[in-house]
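Working notes for the structure below.
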Amino acid sequence: QVQLVESGGGLVQPGGSLRLSCAASTSIYSFYGMGWYRQAPGNQRELVAVITRDGSTSYADSVKGRFTISRDNGKNTVYLQMNSLKPEDTAVYYCNADRAVGSYWGQGTQVTVSS
């Protein structure tokens, strides 16, 4: 059973930064891609950023230029560096991993951007 464990969320002021981590219980190279999603109260879960096995990345328009997704295959961990945070970035952030046999989700980590 694959487990994804997110960490790094918290309360930050507008303009601040946070780095989220997603640690996998297996080699992340086994996944086609890994991504970060977020869900704010009353909203649907939305894609934030994706990184593929070969390192290609893509981002939601709302976070381009502010967020960076990266991976460390040796640590089986994917990161989301979030800079210039805005109140509208407030949400529960979830890690996702996809491979042929299934899609996996972490339990989520809360990010709150507020003064």
Scope the stretch 7-60; condition assigned to a strand (DSSP E or B) and among the basic types (Lys, Arg); matching residues: ARG19, ARG38
What is the residue count in the stretch 50-71 for residues that are closer than 21 Å to ALA23 by Cα, open to solvent by less than 90 Å² (accessible area, probe 1.4 Å) and charged (D, E, K, R)? 2
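In this structure, does VAL2 turn out to be over 14 Å from ALA97 (Cβ atoms) and either touching a residue at least 24 places away in the same chain (Cβ under 8 Å) or part of a strand (DSSP E or B) (or both)?
Against the criterion (over 14 Å from ALA97 (Cβ atoms) and either touching a residue at least 24 places away in the same chain (Cβ under 8 Å) or part of a strand (DSSP E or B) (or both)), VAL2 does not qualify.
Restricting to the stretch 75-114, name every residue that is modelled with pLDDT under 95 and among the small types (Gly, Ala, Ser).
Residues satisfying the conditions are ALA100, GLY102, SER103.
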I'm trying to understand the selection: among the residues of the stretch 88-111, which are touching a Leu at 6+ places or on another chain (Cβ under 7 Å) and surrounded by 16 or more Cβ atoms within 10 Å (Cβ to Cβ)? TYR93, CYS95, ALA97, TYR104, GLY106, THR109, VAL111
Within the stretch 82-111, the residues that are touching a strand residue (DSSP E or B) at 6+ places or on another chain (Cβ under 6 Å) and within 12 Å of GLN39 (Cα to Cα) are ASP89, THR90, ALA91, VAL92, TYR93, TYR94, CYS95, GLY108, THR109, GLN110, VAL111
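Filter the stretch 9-49 for residues that are β-branched (Val, Ile, Thr) and buried (at least 22 other Cβ atoms within 10 Å of the Cβ); which is farthest from THR109 (Cα to Cα)?
Checking each candidate, the answer is ILE28.
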Please tell me if TYR94 is without any contact (Cβ under 8 Å) to a residue 12 or more places away in the chain and of a type outside the set (Gly, Ala, Ser). no
Within the stretch 25-83, residues of a type in the set (D, E, K, R), within 23 Å of THR112 (Cβ to Cβ) and in contact (Cβ under 8 Å) with a residue 40 or more places away in the chain come out as ARG38, ARG45
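The values are calculated or read from the model by the stated rules, or taken from the named source; none is laboratory data. Everything quoted here is computed from the prediction, not taken from an experiment. Please note: Cβ atoms are built from the backbone with ideal geometry, for glycine as well, and neighbour counts cover all protein chains shown. SASA here: full protein model, heavy atoms, side chains in, ligands and nucleic acids out. Shrake-Rupley method; radii C 1.70, N 1.55, O 1.52, S 1.80 Å.
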